[in-house]
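One structure is given here, and the rest of the page talks about it.
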Amino acid sequence: MLSFIGRRLLLAIPTLLGVATLTFFMLNVLPGDIVETMLRAEGGNPTVELVAAERSRLGLDRPLVVQYADFLKDLATFDLGHSHWTGKPVSEEIFSRLPVTLQVAALSMIVAILIAIPLGTIAGIYPGSIVDYAIRTFAIAGMALPSFWFGMVVALAMLWYFNWLPPLGTASFFTDPLTLLQQLILPAVAVGYRYSAILIRMMRSSVIETMHEDFVRTARAKGLAAATIIRRHVIPNSLLPTITMIGLEFALLVGSLVVIEQVFSLNGIGRLFIESVSRSDFIVIQGIVLVLTVIFIVVNFLVDLAYAVIDPRIQLG
């Protein structure tokens, strides 16, 4: 186990370095100048000398290779730099908003799992039945409907029929979890339904495949009850590919809540990304990409560990 953890940590270093290098050079060749954007934000008409002085103050007039070397040196000490727009540390800008995004992603994935596991199992146990067709229709609809549109429909329905909308602001999980749940439940349902559709199809296929395995036929021949076979043999063995998909989808979900956060006025990392793009604040965008990369690596590492917990036959390391 320790050797497995050590290898995964070592593999994470070149991954982060590659992502950091690619992100740095891609952002620096994009059109847009944050100095011009800042100085003209309030309708100003800066002179060439003022623009050059501001670029020198921010260090943007240095050769790109020098900027890249400084970026790597700061990254080695976990320093993501300072925002050119606000002057605040990038890590402070990101981690002040990241909890909102993680909470929405986690709650959305919980909703997706609660929907997908039972429905996917039922559809796999009774393939070709009316129930299976109904569940597959439900899943196809979830994949076809955009999350932001479905979220707006849910919000309007709650307002029309129950005269209720989520409270504004951002509550804390530790001080007021009920208010936080009210604020996040609608975006979580909208996003969770979309991702449950993917997991339903994965779980259904896994259950159908597992139902034809030899150990299931052996369990039936031994006279075990159908419910016992499903609970002890079918579901645990069908969960392995589904867990892989859950891990991948959660990591992708954290970085794809941009529109949902805009629709529900959530001050998360997706909203920060939009603001940074509009301001050409590339150093913040760079930090967001690196943080999302770390989240992706951590989630995949946890998925690998979950394999060993669910299936003892899998030996890590």
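The values are calculated or read from the model by the stated rules, or taken from the named source; none is laboratory data. Just so you know, these numbers come straight off a predicted model, no measurement behind them. Note that each Cβ is placed from the backbone with ideal geometry, even for glycine, and that neighbours are counted across all protein chains shown.
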Expected single match for in contact with a Leu (Cβ under 9 Å, 6 or more places away or on another chain), at pLDDT below 80 and in a helix (DSSP H, G or I) among E54, E49, E93 is E54
In the stretch 1-40, anything assigned to a loop (DSSP other than H, G, I, E, B) and without any contact (Cβ under 8 Å) to a residue 40 or more places away in the chain is listed as V29, P31, R40
Of the residues in the stretch 115-127, those that are surrounded by fewer than 24 Cβ atoms within 10 Å (Cβ to Cβ) and either touching a residue at least 40 places away in the same chain (Cβ under 8 Å) or of a type in the set (D, E) (or both) come to I115, I117, L119, T121, I125, P127
Screening A144, A155, A139 for residues that are hydrophobic (A, V, I, L, M, F, W, C), in the same structural domain as I260 (by TED's automatic domain parsing) and without any contact (Cβ under 8 Å) to a residue 40 or more places away in the chain leaves only A144
- Query: Does the stretch 276-285 include one or more residues that are at pLDDT 80 or above and touching a strand residue (DSSP E or B) at 6+ places or on another chain (Cβ under 8 Å)?
  - Reply: yes
Being in contact with a helix residue (DSSP H, G or I) (Cβ under 8 Å, 6 or more places away or on another chain) and under 29 Å from N28 (Cα atoms) narrows V216, V298, V284 down to just V284
query = Does L75 satisfy being closer than 27 Å to V298 by Cβ, of a type outside the set (S, T, N, Q) and either touching a Ser or Thr at 6+ places or on another chain (Cβ under 6 Å) or touching a residue at least 60 places away in the same chain (Cβ under 8 Å) (or both)?
reply = yes
Heads up, the helices (runs of 4 or more DSSP H) in the stretch 203-287 (entirely inside) with at least 2 residues that are under 30 Å from V90 (Cα atoms) are 235-254, 258-263, 269-279
Only one of (1) out of contact with any Ser or Thr (no Cβ under 7 Å at 6 or more places or on another chain); (2) of a type outside the set (D, E); (3) not in a helix (DSSP H, G or I) does not apply to A171, and that is (1)
Checked against (1) of a type in the set (A, V, I, L, M); (2) modelled with pLDDT of 85 or more; (3) closer than 17 Å to Q183 by Cβ; (4) loosely packed, with under 11 Cβ neighbours inside 10 Å, A144 satisfies every condition except (3)
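In this structure, is W164 assigned to a loop (DSSP other than H, G, I, E, B) and exposed (fewer than 15 other Cβ atoms within 10 Å of the Cβ)? Reasoning before the result, please.
Details: assigned to a loop (DSSP other than H, G, I, E, B): yes; exposed (fewer than 15 other Cβ atoms within 10 Å of the Cβ): yes.
The answer is yes for W164.
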P63: assigned by TED's automatic domain parsing to the domain that holds I285, at pLDDT 80 or above and loosely packed, with under 13 Cβ neighbours inside 10 Å, yes or no? yes
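Scanning for something more than 30 Å from S206 (Cα to Cα) and not polar (S, T, N, Q), does the stretch 123-146 turn up at least one residue?
Applying the first criterion (more than 30 Å from S206 (Cα to Cα)) to the stretch 123-146 yields none.
Checked the stretch 123-146: no residue is more than 30 Å from S206 (Cα to Cα) and not polar (S, T, N, Q).
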Scanning the stretch 170-205 for residues that are in contact (Cβ under 8 Å) with a residue 40 or more places away in the chain and among the hydroxyl-bearing types (S, T, Y) gives T170, Y193, Y195, S196, S205
All conditions in (1) modelled with pLDDT of 75 or more; (2) assigned to a loop (DSSP other than H, G, I, E, B); (3) surrounded by 13 or more Cβ atoms within 10 Å (Cβ to Cβ) are true of F78 except (3)
